[in-house]
1. Please list, ordered by chain and number, the residues whose modelled amide H lies under 5 Å from the amide H of Val80; skip anything fewer than 5 residues away on the same chain.
2. Might you work out the accessible area of Leu156 for me, using a 1.4 Å probe with all protein chains in place, and round it to the nearest 10 Å²?
Amino acid sequence: MAPRRPESKPVDGKSGGLLSPVTDRRISALIVDQVRSLIHEGKLTPGDRLPPEREMCERFGVSRVTVREALRVLEASGLVEIRVGAHGGAFVTQPTSDRVGASITDLLTLSSVTAADVTEVRLVLEVGIIPHLCANADDEDIEALLAICDRQEEGLNSGTYDVALSAEFHTRLAASTHNTAFEMLIHTFHGPLLMSLATAQKTAPEMGRRGVEEHRELITAIQQRDTAAGERIMREHLSRTAARLCLDEPKRKAPRKVAAAKS
């Protein structure tokens, strides 16, 4: 039997005075926007329960069908969780980087963003966190990173190497900054990261072993608190990935030139 979820106290009184009637053909979308705004403003927080459907109908001045449609959209967006039973209802959820990452992956998949574009962003993000890694990574972080490298080498030796291990290494690096914002940002980029790594592997599958060597070199730089070396290794590591991706994307547009500032 699955463990019972802890009951969250209802906060109908807290949210009741915040909701106001809406009038538009896209009523359900406006309800979603109103609830989302309350969450963003901190007026509704994780664990808070929205009013019952009938009460929401009265406050918004809409039908139950419209309210249910809005709740389905909110649930699909990961903003609320619909629970059934005596203590059921619509509850504001705790946001997760997994859901955000899935949305980013969908966006990139459906857009014209390429794997090379993703790697260019990684150059900015991952070289940028090196100073924080050198300042904050502890022994536990180093052990965890080395363990991932060990698994990478085992996969290479047995012919079962998966680029997901490389993605795991870079995600764990972000966690080693001990800055939750960095960790969440890199984690939400997990899907696009896998996409770019898989593309690079197809172009040059033999480079996996060199990648693991660079991972170990980077760990050494972090242990020695050598920011300059760490930034150099990370930049070379990602630049090499970018070069392989360019081979796979010959028709990629050249980067736009930035106009010189007028004196």
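The values are calculated or read from the model by the stated rules, or taken from the named source; none is laboratory data. Bear in mind the structure is a predicted one, so any value in this text is a computation, not a measurement. Surface areas here come from the heavy atoms of the whole protein model, side chains and all, with no ligands, DNA or RNA. Shrake-Rupley method; radii C 1.70, N 1.55, O 1.52, S 1.80 Å.
1. Residues meeting the amide H criterion: Glu75, Thr93.
2. My reading of the accessible area for Leu156 is about 40 Å².
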